[in-house]
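Notes for the one structure printed next.
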Amino acid sequence: MTDKHAILAEQARRIIDLQNEIDQRKTEIDRIKTSIIDAWPAGTYEADDLKVQVREGSQRIDAKAFEAKYPASKHPSFYDVRPNLAKARKELGELAVAPLLKRDKPGVVVK
């Protein structure tokens with residue numbers, strides 16, 4: 001194994017270790033938040049020098065239920081038209097669509 005590969009293996013192992021630590025911390029945070037939500041109604045509370053906000057969950061539309069009750073054919077004003085990338089690529093080709101695309105930040109995945 002080359003030095004470059006040894007460094008990559010070491011970095012990958014460190015990422016796995018850190019991801020495991022993060023997962024454990026997230027699980028603990030979720031348990032604590034659930035405990036607070038169960039104990040306190042929505043509102044803002046002072047906790048020593050900290051401020052704790054308990055918020056109700058956000059509401060999102062149940063798209064299937066909404067579409068069943070208010071079909072787009074009868075209520076077109078309730079709906080937005082959005083681009084469909086797969087169809088645009090098929091119809092226009094990759095070269096036409098490519099300049100209109102945004103790319104997310106590059107990443108690394110270690111399994």
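Just so it is clear, none of the values below were taken in a lab; they were calculated from the coordinates. Note that the structure is a prediction, hence the values are computed from the model and not measured. Because the Cβ atoms are built from the backbone with ideal geometry, glycine has one as well, and the counts that use them run over all protein chains shown.
Some notes on this structure:
- Label point distance in nm, residue 72-residue 109, each placed 7 Å from Cα along Cα→Cβ: 3.0 nm
- Fewest-first ranking of 58, 35, using other Cβ atoms within 10 Å as the exposure measure: 58, 35
- Relative contact order of the chain, pairs being alpha-carbon contacts under 8 Å that are 6 or more residues apart, as %: 20 percent
- The helix-only estimate of mean residue ellipticity at 222 nm for the chain, built from DSSP H runs of length n ≥ 4 each weighted as -39500 (n - 2.57), is -16500 deg cm²/dmol after division by the residue total.
- Lysine pairs with alpha-carbon atoms under 22 Å apart, the chain, spacing 8 or more or separate chains: 7
- Separation of alpha-carbon centers, the range 62-101 and the range 1-38, rounded to whole Å: 38 Å
- GNM top mover of 91, 28, 46 - the chain, alpha-carbon springs below 10 Å: 91
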